[in-house]
Amino acid sequence: MQLLEKTVESQTLFQGKIVTLKVDKAQLPNGAVAGREVVEHPGGVAVLALFDDGTVPVVRQFRYPFREVVTELPAGKLERGEDPRPAALRELEEEVGVTCGELTDLGRLYLSPGFSTEVLHMYLARQLRQGACHPDEDEFLEVERVPFSALAEQVLSGAITDAKTVALVLKVKLLLGL
């Protein structure tokens, strides 16, 4: 049996600045038709910047949907069709004021594949130079450098709940044996 679903009908319910909400009907592998709700999102990037001293810059920002301040790695939304690599470099510099000599692609994540098209591209930045932050007009951040080991402990204890940060920290921990 092929595990493919074919779109037989699609209706756009909402078109926003960031997301589009569609309600589709899809033909299932057994021939039945089922409803599908899809949030189209242009995707994003996240960067773990590892300084030579073993510290990593993180940002704290208020996340409106959860009504709380969340600790995260530098990250940002892609413009539709934007190449993730330059976007990662841009977000790193804007949010934490860091430029890098080495940027390693660590793959991508589907954040909520049951309903969203959002793909997150993950990077490890090294050979870092610290400069000044220049966040977007509507972006309010606190930046702090923390030891990678402490960040990994916060991920493992559940103190850090941001999915992209959890995934990227654990991936780097395994890859580099930290």
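Here PHE51 fulfils each of the conditions (1) at pLDDT 95 or above; (2) more than 25 Å from HIS134 (Cβ to Cβ); (3) out of contact with any helix residue (DSSP H, G or I) (no Cβ under 8 Å at 6 or more places or on another chain) apart from (2). Where strands (runs of 3 or more DSSP E) fall wholly inside region 83-168, no range has 2 or more residues that are acidic (Asp, Glu) and surrounded by 13 or more Cβ atoms within 10 Å (Cβ to Cβ). Those residues that are hydroxyl-bearing (Ser, Thr, Tyr) and out of contact with any strand residue (DSSP E or B) (no Cβ under 9 Å at 6 or more places or on another chain), I need them from region 46-74; list them, please. Residue satisfying the conditions is TYR64 alone. Identification of strands (runs of 3 or more DSSP E) wholly contained in region 1-79 with 2 or more residues that are touching a residue at least 12 places away in the same chain (Cβ under 8 Å) and under 20 Å from the mean Cα position of the chain (by Cα) yields 20-27, 33-40, 44-49, 55-63, 68-72, 75-77. Against the numbered list (1) touching a Leu at 6+ places or on another chain (Cβ under 8 Å); (2) closer than 16 Å to ARG90 by Cβ, LEU141 comes up short only at (1).
The values are calculated or read from the model by the stated rules, or taken from the named source; none is laboratory data. If you're wondering where the values come from, they're calculated on a predicted model, not measured in any experiment. Don't worry about glycine lacking a Cβ; one is built from the backbone with ideal geometry, like all the others, and counts go over all protein chains shown.
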